Amino acid sequence: MRIALMGAMPEEIEPLLEKIDDICLTEYGANRYYIGTYAGKEVVVAYSKIGKVFASLTAAMLLEKFGCDTLLFSGVAGAIREDLHIGDLIMAESLCQHDLDITAFGHPYGYVPEGKVYVPTDEKLRALARQVAREKGIELKEGIIATGDQFIADPERKAWIAETFNAAALEMEGAAVAVVCDALEVPFFVLRAISDSADMEAGFDFDAFLHKSARISADFILEMVRRLPDGDND
């Protein structure tokens, strides 16, 4: 088993790298990949840079170039749902692209022919996350996470995304990773810690809480890695 641990920004993978052993840095495709071990398991850690294109590229490299057979994404997100607050953890039940729009051709928002509006995450990995949360006494929330190449700080746009996709949180990479993993039939999991409220104060909140929220997410992901069986995620 080789596990991909992915984030979008350096701040999202730094808490992971602090605890990985025997790190070997490889540069490929204008990015850095950190190969090492954690809890006796081989891991490859990478941050994609922000946005769907870079996230797709990095996810594909982790699976195809580095041979990872499971992908866990750790990072931060903006809250949409009212029960989500800064520092809360939410795992994606499924992910969608809120900025994908070919409705002019009669399709729903977020859909392209031969694609899906919602891409579900792996149920076995979600079950493992629930077990970790239960045993650690951590409140883990679940919901649809919406992805787009936009940092949302507009209450009207936030409300539209919530209504259109029934989304709980917003970010800029998850659905792109989901499309890649789904196409290549690799189990994946997306965890986000809330860093802002995706409204007019989003810029301020994001800067203030990025590091703390990223560490909360990373610590949970590493506990999942610790508990993954050595062979696969069955």
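The values are calculated or read from the model by the stated rules, or taken from the named source; none is laboratory data. These numbers were taken from a predicted model, which means no experiment stands behind them. For neighbour counting, all protein chains shown are included, and Cβ atoms are generated from backbone atoms with ideal geometry for every residue, glycine included. Please note that ligands, DNA and RNA were not included when accessible areas were found on the heavy atoms of the full protein model with its side chains. Shrake-Rupley method; radii C 1.70, N 1.55, O 1.52, S 1.80 Å.
Take the residues of region 1-35 that are of a type in the set (Lys, Arg) and part of a strand (DSSP E or B): which is nearest to residue 213 (Cα to Cα)?
To start, the set of residues in region 1-35 that are of a type in the set (Lys, Arg) comprises 2, 19, 32.
From the residues that got through so far, the ones that are part of a strand (DSSP E or B) too are 2, 32.
Details: 2: 26, 32: 23 Å.
Step by step, filter region 1-35, then rank; the result is 32.
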Item checked: Subset of region 35-51 [over 21 Å from residue 136 (Cα atoms) and either touching a strand residue (DSSP E or B) at 6+ places or on another chain (Cβ under 6 Å) or open to solvent by less than 30 Å² (accessible area, probe 1.4 Å) (or both)] -> 35, 36, 37, 41, 42, 43, 44, 45, 46, 47, 48, 51
Check: Of the residues 95, 25, which single one is touching a Phe, Trp or Tyr at 6+ places or on another chain (Cβ under 9 Å), under 26 Å from residue 123 (Cβ atoms) and not polar (S, T, N, Q)?
Finding: 95
Next item on the list: Check region 100-120 and report whether any residue there is open to solvent by less than 70 Å² (accessible area, probe 1.4 Å), over 22 Å from residue 184 (Cβ atoms) and in contact with a Lys or Arg (Cβ under 6 Å, 6 or more places away or on another chain).
Entry: no
Margin query: Here are the criteria: (1) of a type outside the set (A, V, I, L, M); (2) outside any helix (DSSP H, G or I); (3) more than 23 Å from residue 8 (Cβ to Cβ). Tell me which single one residue 141 does not satisfy.
Written below: (3)
Notebook entry, point to check: Within region 74-99, which residues are open to solvent by less than 10 Å² (accessible area, probe 1.4 Å), more than 21 Å from residue 225 (Cα to Cα) and at pLDDT 95 or above?
Noted result: 95, 96, 98
Check: Looking at (1) in contact with a helix residue (DSSP H, G or I) (Cβ under 9 Å, 6 or more places away or on another chain); (2) under 21 Å from residue 152 (Cβ atoms); (3) open to solvent by less than 30 Å² (accessible area, probe 1.4 Å), can you tell me which one residue 68 breaks?
Finding: (2)
